[in-house]
Structures are given as C-alpha cells and as structure tokens.
1. Given the criterion open to solvent by less than 60 Å² (accessible area, probe 1.4 Å), of a type in the set (V, I, T) and more than 30 Å from T157 (Cα to Cα), identify the matching residue among I62, I47.
2. Applying the selection to segment 194-253, what residues are in a loop (DSSP other than H, G, I, E, B) and aromatic (F, W, Y)?
3. Output yes when any residue across segment 348-355 is among the charged types (D, E, K, R) and either open to solvent by 70 Å² or more (accessible area, probe 1.4 Å) or touching a strand residue (DSSP E or B) at 6+ places or on another chain (Cβ under 7 Å) (or both), and no when none is.
4. With W250, W208 as the choices, which residue is open to solvent by 10 Å² or more (accessible area, probe 1.4 Å), of a type in the set (A, V, I, L, M, F, W, C), under 20 Å from the mean Cα position of the chain (by Cα) and modelled with pLDDT of 90 or more?
5. Could you say whether any residue in segment 309-317 is polar (S, T, N, Q) and under 29 Å from T60 (Cα atoms)?
6. Within segment 366-387, which residues are touching a helix residue (DSSP H, G or I) at 6+ places or on another chain (Cβ under 8 Å) and open to solvent by 80 Å² or more (accessible area, probe 1.4 Å)?
7. Find the helices (runs of 4 or more DSSP H) located wholly in segment 296-364 whose residues include 3 or more that are closer than 18 Å to G230 by Cβ and touching a residue at least 12 places away in the same chain (Cβ under 8 Å), and list them.
8. State which residue is nearest to the chain's Cα centre (by Cα) when the search covers only segment 325-347 and only residues that are within 20 Å of E233 (Cα to Cα) and open to solvent by 80 Å² or more (accessible area, probe 1.4 Å).
Amino acid sequence: MSSLHKSRIADFQDVLKEPSIALEKLRELSFSGIPCEGGLRCLCWKILLNYLPLERASWTSILAKQRELYAQFLREMIIQPGIAKANMGVSREDVTFEDHPLNPNPDSRWNTYFKDNEVLLQIDKDVRRLCPDISFFQRATEYPCLLILDPQNEFETLRKRVEQTTLKSQTVARNRSGVTNMSSPQKNSAPSSLNEYEVLPNGCEAHWEVVERILFIYAKLNPGIAYVQGMNEIVGPLYYTFATDPNSEWKEHAEADTFFCFTNLMAEIRDNFIKSLDDSQCGITYKMEKVYSTLKDKDVELYLKLQEQNIKPQFFAFRWLTLLLSQEFLLPDVIRIWDSLFADDNRFDFLLLVCCAMLMLIREQLLEGDFTVNMRLLQDYPITDVCQILQKAKELQDSK
C-alpha cells in the first residue's frame, strides 16, 4: 500500500470519527474515490445516500430502528401472505362468493396474489442474471435471512412461489410503459432463466435471492412504479458493496441497509423509469437532450457529426443515464464511478457530464466512423479507464 493511499485512508478516518460529520469535506474526499479498506466505502455511501445522519451519536438507534422496520416489511409482505396462501383452499370456506381465484375485484386477496406473482417472476428472471461476469450473486450468503428460512415457519416463500407450476408456465415481462407481456416459454428456444442457476439447498440462500427479496418489498411498497426492468442493475452494486463489507457486524445487515439506500437512491432517479414522465423536465428525454446540448457547447464538431448521422441520444444515452452506467463497465469500475456520483452535490448533473466526457474521449473514432461503426462504439464503449473519464468530466464541470 502506497504512502499516498495510507494518507487518504487516514483522511477519511479523521472525517468519519468526528461526532458530527463534515459533509462537504466527506464529499470532497469521496469524489476522488473511496478506499474499500476498513469498510470505508460502505459507511460513506450510507451517509452520502442519506441513510445515516451526520450525527454519529444517533447511528446505533437509527440502524436498529430501520433494520427492525425492514424485518416488519418481511413479516407483512412475504411471511404473512405466505402463511395465508399456504392455508388458502385448505377448506371450502376459504373460497367464498366474495373472494375466489377468478374474482376480478382489484381488492381481492387472490387478485393481489396473482398480480404480485407477475411482478415476482419478472424480478426473479432479472436477478438470476445479475452481473454474469462474476460468480458473487450465485454464491451463498454468509447471513441468510433467519426470518425467512426458519424451519418452524410453514409458509410459501418467494422461492416456493417462483417454483409453482402456474408461474413456470408463463414468461412475464413488464417494461417501462407498464405493459405486462405473457408468453409460453415453449415458444422460446432460449433456456428458461429458472434453470440458469441451481437453487441452493434448504437453509441456504444465494445473494441473488436476497436481491430478489429487496426488489419485491420495494415493489410492494411503491405500487405506483412497482418493479421495472433495470432496477436490478441499480440495486446490484449497492448490495455487492454492503455484502462484502469487511466489518461482519455491518455485513450481517446488508439486506436491510441495501433496501433503504436503494429506496433513497430510487427517490432521486425513479422518474427515469416512468414512461409517462419521459418528456417532462424531470424525465429521461430531457436528460438525454441535456447530454447533447452540453456536447454542443463543449465540442460542436462532434455534436454536428452525430446529428448528421442521425445518431440520437436515445440509442445509447438512455441506458447510460437510466442505469447509472452500470452496464457499460465492470462492477469495480461502476462502483468507482458511483463514488463520484454519490459525492457530488448535484450528483446527476455530474452524470450528464460523465456521459458527455465519454463521447469526447472517443471523438476521433466517432468523427472517422460511419453510422454502423459509431453505433457499435457507443453501445459497447471502448475505454475501460474510468479514472480518465471522471477526470474529463471534472474538467467539463470546472470549465462551466
């Protein structure tokens, strides 16, 4: 470890040990990258995402309160409905005139159950293929959720719900428009995602199952947006960071802590996932156009070339912005980018500058390439040095 790196770690430790955290100082340090040693990144992200307050004295009580609240969500939204479903239909009295499986009433508990299953199957499909370049999400967590895996609890878990024949018979996809498409898997030549990874034996659960639970609870608590494909790519790096914390006391609560940090982050970016807001000032279309207007200010020649080739920002910047670049780089690099995004006061204004920097750093290739070559460049971004990209984005920010 270099003396410079040791010095940076000491700087972080000095800021974090104060009774009241100096937020501006923490942001300034974090913007240049947070060391992973000693769980520094996990702690800084929790502060920067407004999960932990600046007053250290209140951390213990707030964490205990939030983690108990999450346990309550598990009881109310997974365990209790699972018990009810396990008991449903045991006797004829359970299927009443008012509430039966074919009841179209939206308040019917059967109707709610079936709607939840549609959301759950889409989540399940997406989380099973999370970060395929690493094996982390398929490995067993050291801290399986005891509330869910308690052998004394006889209820239908999310795992059991997904395994139901009724779920296996259909493939469900819900896009940003809120449209649910259902088709028979027999029509697809690709293998079903249900078989991509073996489910671990009883008493164990993989990290992807923990992420599935987080997203399902989020969808239940936020019915207006529920779950949209891509949210799995936002929660993945958060959970990975917290679940690999070297401090086992923090790592044990990675699920609850991830849920609340994800919820706070989604509060800032959820408009990207709501199609009806696309053309509003808070929508994704406005942000994509802002990337191009910034490029026009900084590099008009490149801007005109992309315009001439009719390369619209929707073709590439939609994914860059919506998923916070989580699909463009390897996970460690995504995490490094997120250090800077979370640390910036106007964090998603900085994201626009990062996207603009990405274009400018490959300007020579883009100016020489035709439409096909340039689209390939933008959809499979060639530069892997994210520090170079962040440095360029900072230069753009400073030159405003």
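The values are calculated or read from the model by the stated rules, or taken from the named source; none is laboratory data. Since the structure is predicted, the reported quantities are computational estimates derived from the model, not experimental observations. As a convention, Cβ positions derive from the backbone with ideal geometry for all residues, glycine included, and neighbour counts pool all protein chains shown. Ligands, DNA and RNA are excluded from the accessible area calculation, which covers all protein heavy atoms including side chains. Shrake-Rupley method; radii C 1.70, N 1.55, O 1.52, S 1.80 Å.
1. Details: I62 fails: more than 30 Å from T157 (Cα to Cα).
Sole residue among the options that is open to solvent by less than 60 Å² (accessible area, probe 1.4 Å), of a type in the set (V, I, T) and more than 30 Å from T157 (Cα to Cα): I47.
2. Pass one, segment 194-253, residues in a loop (DSSP other than H, G, I, E, B): 196-205, 222-230, 244-247, 252-253.
Across segment 194-253, the qualifying residues are Y197, Y227.
3. Keep residues of segment 348-355 that are among the charged types (D, E, K, R), which gives 349.
This time we only want the ones that are either open to solvent by 70 Å² or more (accessible area, probe 1.4 Å) or touching a strand residue (DSSP E or B) at 6+ places or on another chain (Cβ under 7 Å) (or both), so: 349.
Yes - at least one qualifying residue is present in segment 348-355.
4. Working: W208 fails: open to solvent by 10 Å² or more (accessible area, probe 1.4 Å).
Answer to the check: W250.
5. Of segment 309-317, the ones polar (S, T, N, Q) are 309-310, 314.
Adding the requirement that they be under 29 Å from T60 (Cα atoms) leaves none.
Scanning segment 309-317, I find no residue that is polar (S, T, N, Q) and under 29 Å from T60 (Cα atoms), so the answer is no.
6. Hits for segment 366-387 are Q379, T384.
7. Numbers: elements: 300-308, 317-322, 331-343, 347-361.
Per the criteria, 317-322, 331-343, 347-361.
8. Q327
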